[in-house]
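The values are calculated or read from the model by the stated rules, or taken from the named source; none is laboratory data. Owing to the predicted nature of the structure, the values given are computational and were not obtained by experimental measurement. Backbone-built Cβ (ideal geometry, glycine too); neighbour counts: all protein chains shown.
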Amino acid sequence: MQANDIFFGIFALLTLVCGILLVLSRNPVNSAMFLVLAIASLAGLFVLLNAFFLAAVQVIVYAGAVMVLFIFVIMLLDLKEEQRRKIKKFSLALGILTASAVGFLLARTIWLSGVGRNLQPQLEAGTRPLGERLFQQFVLPFEIVSVLLLVAMVGVVLLSKKDLR
Amino acid sequence: MIRLEHYLIVSAVLFSLGLLGVIVRRNLLIIYMCLELMLNAANLALVAFSRFTNHIDGQVMVFFIITVAAAEVSVGLALIVALYRKRQSAHVEDLTLMKL
């Protein structure tokens, strides 16, 4: 039993518990907070997988920028009326059945296929090889993504106009 | 010893939790958060594959996924705000304009 295994258990459990609480909690702000926690513990799993840069990006972009946007919109819309509506029992049962069937099938397939049976954790990549890969082979997709961000920004400005038709 | 399967199973369970939220919840914002959870599950699987098969391309792909997800979140939230301004509601049950 190594320290890595213990940390894997802690982070995996934290991620899954936060995911469950995100689905279950009635208040949207609580859901957002649990999503922040789930993302932070996923960043911990990324560190265990030697993806240090991605862990930092995960915390900065997801837990920082994206979730601030979410919470901002929740506060803006003042969503509190979740309490008075009841979810139908039948659709609830059907949803749980569907999701657990998908999860069970995925997990069973992964376990039985034995993809990682002969694989050892071998990639010792830090930030430097990732950056080299990103700016040599993948420089065109990188530029296209920057154009995509610009397009998203223009779209958001257009969508947020007062007299949208 | 933690192997690839363990990471992949955590990813699969996380993905199905997100799917459960998308199916069961009726609040548009929470559905959107559950979609983010599903994206993150896919990211975890990609990073795990990248570590165990000695290719760094998986991490490059996760980088792009995070960027595209940020763009997607901004556009989606702007759409939800525009919708709320028009309908005063963020519940999927109230959005029946295209129902026959």
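Some notes on this structure:
- Some residue of the stretch A:68-79 being more than 7 Å from chain B (Cβ to nearest Cβ), buried (at least 21 other Cβ atoms within 10 Å of the Cβ) and modelled with pLDDT of 90 or more: no
Conditions (1) more than 9 Å from chain B (Cβ to nearest Cβ); (2) of a type outside the set (A, V, I, L, M, F, W, C); (3) assigned to a loop (DSSP other than H, G, I, E, B); (4) more than 26 Å from residue A:50 (Cα to Cα), marked per residue:
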position	(1), (2), (3), (4)
A:94	no, no, no, yes
A:104	no, no, no, yes
A:122	no, yes, yes, no
A:129	no, yes, no, no
A:148	no, no, no, yes
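- A count restricted to the stretch B:19-53 and to residues that are among the small types (Gly, Ala, Ser) and more than 7 Å from every other protein chain (Cβ to nearest Cβ) stands at 3.
- Filtered residue count, the stretch A:109-162, keeping only those that are without any contact (Cβ under 8 Å) to a residue 40 or more places away in the chain, under 18 Å from residue B:56 (Cβ atoms) and hydrophobic (A, V, I, L, M, F, W, C): 8
- Hits in the stretch A:84-130 (condition: hydroxyl-bearing (Ser, Thr, Tyr) and over 24 Å from the mean Cα position of the chain (by Cα)): A:91, A:113
- Residues that are part of a helix (DSSP H, G or I) and crowded, with 22+ Cβ neighbours inside 10 Å within the stretch B:14-27 comprise B:14, B:15, B:16, B:17, B:18, B:19, B:20, B:21, listed in sequence order.
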